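Below is one structure; the comments refer to it alone.
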Amino acid sequence: MLGKSRARHPDTTVILKEAARRLDPPTRRLFLRNAMGLGTLTLLGGCDVVDGLSAERMLGKVSDFNDRVQAWLFDPARLAREYPEAAITRPFPFNAFYAEENAPNVDPATFRLDVTGRVDDDRPWTLDRLYALPRFTQITRHICIEGWSAVGKWTGPRFSDFLARIGADTRARYVTFRCDDNYVTSLDMASALHPQTQLAFFFDDEVLPRKYGFPMKLRVPTKLGFKNPKHIGEIEVGDDFTGGYWETYGYNWFSGL
Ligand SMILES: Nc1nc2c(c(=O)[nH]1)N[C@H]1C(S)=C(S)[C@@H](COP(=O)(O)O)O[C@H]1N2
Ligand SMILES: [Mo]
């Protein structure tokens with residue numbers, strides 16, 4: 001099949017390979033088996049794939065398609081594995097797009113969490129009010145796309161309970177997290193409502209340290225590490241796709257595990 005495409009358009013093979021690379025393994029296998037003809041490219045892109053700009057647009061569509069397939073495959077009832085205390089990684093690694101000493105220094109006394117978009121109650125939250133929410137503890141593995149993983153213990157309210165408290169419209173498509181270091185990421189609503197998705201205020205039985213996201217981090221054990229925002233300052237519920245910091249550099253938006 002590749003030979004046939006090459007014969008028709010010299011650049012098509014390269015573009016198809018790049019498209020396949022941007023898909024995740026199960027989808028990629030299907031794509032390679034069924035979808036390597038030029039017909040599929042026209043279907044995906046509706047554009048001439050030989051011209052570079054159109055190819056980029058087509059590849060963007062492949063990534064969107066990938067997100068949709070993953071969202072469809074995502075089983076909200078499937079739980080990430082939990083670990084015993086003995087499995088906890090100490091010291092737990094730090095990671096951010098800057099060095100540890102540049103992590104934001106948030107003043108707990110003046111801190112306010114903003115809630116915006118499709119919520120009934122958009123009053124900002126003080127830390128005292130956040131700390132008063134019912135909480136649970138889970139020991140799970142954090143997997144970073146950069147090639148390391150570590151087991152940690154986080155404590156805080158179930159994020160679905162928090163969404164209920166603010167009267168979030170859970171028919172909205174996305175929840176976006178804006179952080180004090182200008183980091184951004186967003187989740188599909190099903191992942192936001194997953195029972196293990198947690199607004200973590202404590203790490204290893206201590207108040208969440210500055211380097212790990214004081215005052216709070218969203219712990220999403222069903223997603224890669226970069227979908228776990230630290231230093232959250234605003235939570236927005238809405239239908240507009242907002243993407244995220246690493247997503248802009250080409251990391252797959254869904255990034256489910
Ligand atoms: N606000 C903010 N959140 C962030 C990041 C960041 O740079 N800023 N990096 C992400 C990435 S890529 C990883 S792997 C984890 C690292 O979390 P840790 O420092 O607690 O290990 O935070 C995620 N959340
Ligand atoms: Mo990461």
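A quick yes/no check of all residues on (1) of a type in the set (A, V, I, L, M); (2) in contact with a helix residue (DSSP H, G or I) (Cβ under 6 Å, 6 or more places away or on another chain); (3) within 13 Å of ligand 1 (Cβ to nearest atom); (4) touching a residue at least 40 places away in the same chain (Cβ under 8 Å):
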| position | (1), (2), (3), (4) |
| --- | --- |
| Leu163 | yes, no, no, yes |
| Arg171 | no, no, no, no |
| Thr185 | no, yes, yes, yes |
| Leu199 | yes, yes, no, yes |
| Pro215 | no, yes, yes, yes |
| Leu224 | yes, no, yes, yes |
| Asn228 | no, no, yes, yes |
| Glu236 | no, no, no, yes |
| Thr242 | no, no, no, yes |
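If I ask for residues that are away from ligand 2 (no atom under 16 Å from the Cβ) and either out of contact with any strand residue (DSSP E or B) (no Cβ under 7 Å at 6 or more places or on another chain) or in a strand (DSSP E or B) (or both), which ones from segment 128-153 would you list?
Asp128, Arg129, Tyr131, Ala132, Leu133, Pro134, Phe136, Thr137, Gln138, Ile139, Lys153 - these are the residues of segment 128-153 that are away from ligand 2 (no atom under 16 Å from the Cβ) and either out of contact with any strand residue (DSSP E or B) (no Cβ under 7 Å at 6 or more places or on another chain) or in a strand (DSSP E or B) (or both).
Can you name every one of the helices (runs of 4 or more DSSP H) wholly within segment 12-107 that holds 1 or more residues which are modelled with pLDDT of 65 or more, surrounded by 11 or more Cβ atoms within 10 Å (Cβ to Cβ) and out of contact with any Ser or Thr (no Cβ under 6 Å at 6 or more places or on another chain)?
Per the criteria, 12-22, 25-34, 52-73.
Test Ala192 against the stated conditions and say whether it is open to solvent by less than 20 Å² (accessible area, probe 1.4 Å) and either in contact with a Lys or Arg (Cβ under 9 Å, 6 or more places away or on another chain) or of a type in the set (A, V, I, L, M, F, W, C) (or both).
Considered against the rule, which asks whether it is open to solvent by less than 20 Å² (accessible area, probe 1.4 Å) and either in contact with a Lys or Arg (Cβ under 9 Å, 6 or more places away or on another chain) or of a type in the set (A, V, I, L, M, F, W, C) (or both), Ala192 comes out as yes.
Here is a yes/no grid of residues against (1) of a type outside the set (A, V, I, L, M); (2) outside the structural domain of Tyr131 (by TED's automatic domain parsing); (3) closer than 17 Å to Asp114 by Cβ:
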{"position": "Gly152", "(1), (2), (3)": "yes, no, no"}
{"position": "Gly156", "(1), (2), (3)": "yes, no, no"}
{"position": "Ile166", "(1), (2), (3)": "no, no, yes"}
{"position": "Pro215", "(1), (2), (3)": "yes, no, yes"}
{"position": "Gly225", "(1), (2), (3)": "yes, no, no"}
{"position": "Asp239", "(1), (2), (3)": "yes, no, no"}
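All but one of (1) away from ligand 1 (no atom under 16 Å from the Cβ); (2) within 19 Å of the chain's Cα centre (by Cα); (3) in contact (Cβ under 8 Å) with a residue 40 or more places away in the chain hold for Val175; which doesn't?
Evaluating Val175 over (1) away from ligand 1 (no atom under 16 Å from the Cβ); (2) within 19 Å of the chain's Cα centre (by Cα); (3) in contact (Cβ under 8 Å) with a residue 40 or more places away in the chain leaves (1) as the failure.
If a residue must be open to solvent by less than 10 Å² (accessible area, probe 1.4 Å) and within 16 Å of ligand 2 (Cβ to nearest atom), how many such residues does segment 201-216 contain?
1
Write out, first by first residue and then by second, each pair whose Cβ atoms fall under 6 Å of each other, whose residues are 6+ apart or on separate chains, and whose first residue, in segment 126-149, is of a type in the set (Lys, Arg) while the second is within 16 Å of ligand 1 (Cβ to nearest atom) and not in a helix (DSSP H, G or I).
Cβ pairs passing all conditions: Arg135/Thr155; Arg135/Gly156; Arg141/Ser149; Arg141/Val151.
If only one of Arg112, Arg123, Arg118 is charged (D, E, K, R) and in contact with a Ser or Thr (Cβ under 8 Å, 6 or more places away or on another chain), which one is it?
None of the other options fit; the residue is Arg112.
Looking at segment 137-163 only, could you name the residues that are within 18 Å of Gly213 (Cβ to Cβ) and either of a type in the set (Val, Ile, Thr) or loosely packed, with under 15 Cβ neighbours inside 10 Å (or both)?
Hits for segment 137-163 are Thr137, Ile139, Thr140, Ile143, Cys144, Ile145, Glu146, Trp148, Ser149, Val151, Thr155.
What do you reckon, is Phe226 closer than 18 Å to Asn182 by Cα and not charged (D, E, K, R)?
yes
The values are calculated or read from the model by the stated rules, or taken from the named source; none is laboratory data. Bear in mind that the values here come from a model prediction, so they are computed numbers and not experimental data. Counting neighbours? That spans all protein chains shown, and the Cβs are built from the backbone with ideal geometry, glycine included. Accessible surface is based on the protein model in full, side chains and every heavy atom, while ligands, DNA and RNA are left aside. Shrake-Rupley method; radii C 1.70, N 1.55, O 1.52, S 1.80 Å.
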